[in-house]
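Step one of this worksheet: look at the structure below.
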């Protein structure tokens with residue numbers, strides 16, 4: 001694997017007078033860089049999803065999973081356990097560092113694992129049009145593959161919001177004691193123990209193969225991540241677009257301080273009828289949210 005990346009290009013709060021009270025959040029498993037992240041962000045900035053509340057002038061953050069990076073910091077020859085991860089050549093893959101540079105977004109990227117014998121790695125990333133502060137990489141307990149979540153803070157007016165991009169394991173290795181849901185619960189518990197912020201946004205591929213009956217989901221909701229997703233199951237039947245089609249991706253908000261006025265989450269479809277083998281190049285749907293914070297008078301803006 002290569003080194004983590006910290007890229008600072010954003011300017012403080014873009015709202016009028018530095019008082020923006022809404023945040024647009026995109027969470028997406030970009031499938032080792034095959035997802036066309038630059039295109040989707042450009043569509044948001046062009047106002048294509050304004051009907052979902054995605055104001056193109058509002059601050060934007062991206063919580064990316066399976067982000068792809070290739071540079072000279074990745075050793076040319078695989079070393080260690082992560083070097084044995086097998087990945088086929090997937091064709092064109094969008095480099096998350098190059099994308100952040102092109103879009104003039106700040107970036108925090110932490111690699112989780114190398115992509116087989118290729119001189120590249122993949123991991124979780126946060127891209128933001130606001131400055132990223134107090135960033136941390138949280139290595140999760142090893143179940144199947146090395147997983148490193150990324151967290152950072154953004155400031156909107158007087159409010160500070162913790163952002164988290166994470167990816168839990170789909171299963172455990174054969175014969176391992178942490179199989180399936182038990183391994184995900186172990187990883188979720190460790191991640192949640194590192195997040196003390198009262199206002200936080202979690203974008204993650206949780207790999208909840210058994211849905212909301214899993215212990216990991218119970219741990220996440222008990223930790224206060226309940227705001228932003230409709231009650232019960234979300235209105236979409238899947239976020240993983242391959243087979244079997246499952247709801248694996250979530251965008252959740254914790255609001256212990258009462259700072260959030262509204263949070264609305266939408267699944268983005270490239271095809272209006274959800275047709276096609278891929279969604280903007282990925283095997284996962286992007287999730288897009290608008291999060292409105294309370295104003296100083298207690299009302300959302």
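Results, tabulated for the structure shown:
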item: Matching entry among 166, 137, 185 (being in contact with a helix residue (DSSP H, G or I) (Cβ under 7 Å, 6 or more places away or on another chain) and under 20 Å from residue 28 (Cα atoms)); result: 166
item: Those residues of region 158-178 which are assigned to a loop (DSSP other than H, G, I, E, B), over 19 Å from the mean Cα position of the chain (by Cα) and either surrounded by 15 or more Cβ atoms within 10 Å (Cβ to Cβ) or at positive phi (or both), in sequence order; result: 171, 172, 175, 178
item: Long-range neighbours under 6 Å by Cβ, at least six apart or interchain, first residue at pLDDT 95 or above within region 186-204, second crowded, with 23+ Cβ neighbours inside 10 Å and assigned to a loop (DSSP other than H, G, I, E, B); result: 187/140; 187/168; 190/140
item: Output for region 190-219, where each listed residue is under 19 Å from residue 136 (Cα atoms) and not in a strand (DSSP E or B); result: 190, 191, 192, 193, 194, 195, 196, 197, 198
item: Residue identified as in a loop (DSSP other than H, G, I, E, B), over 16 Å from residue 188 (Cβ atoms), in contact (Cβ under 8 Å) with a residue 40 or more places away in the chain and in contact with a strand residue (DSSP E or B) (Cβ under 8 Å, 6 or more places away or on another chain) among 111, 131; result: 131
item: Which numbered condition residue 235 fails, given (1) within 19 Å of the chain's Cα centre (by Cα); (2) at pLDDT below 85; result: (1)
item: In region 98-108, residue farthest from residue 162 (Cα to Cα) [restricted to those that are touching a residue at least 24 places away in the same chain (Cβ under 8 Å) and surrounded by fewer than 18 Cβ atoms within 10 Å (Cβ to Cβ)]; result: 102
item: Residue within region 272-281 that is within 15 Å of the chain's Cα centre (by Cα), modelled with pLDDT of 95 or more, under 24 Å from residue 43 (Cα atoms) and not in a loop (DSSP other than H, G, I, E, B) present; result: no
item: Strands (runs of 3 or more DSSP E) lying entirely in region 1-84 (those with 3 or more residues that are modelled with pLDDT of 95 or more and crowded, with 21+ Cβ neighbours inside 10 Å); result: 22-29, 60-69
item: Yes/no for residue 144 being at pLDDT 95 or above and either under 18 Å from residue 173 (Cα atoms) or in a loop (DSSP other than H, G, I, E, B) (or both); result: no
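The values are calculated or read from the model by the stated rules, or taken from the named source; none is laboratory data. Remember, predicted model here, so these are calculated numbers, not experimental data. Here Cβ is always computed from backbone atoms with ideal geometry, including for glycine, and neighbour counts include all displayed protein chains.
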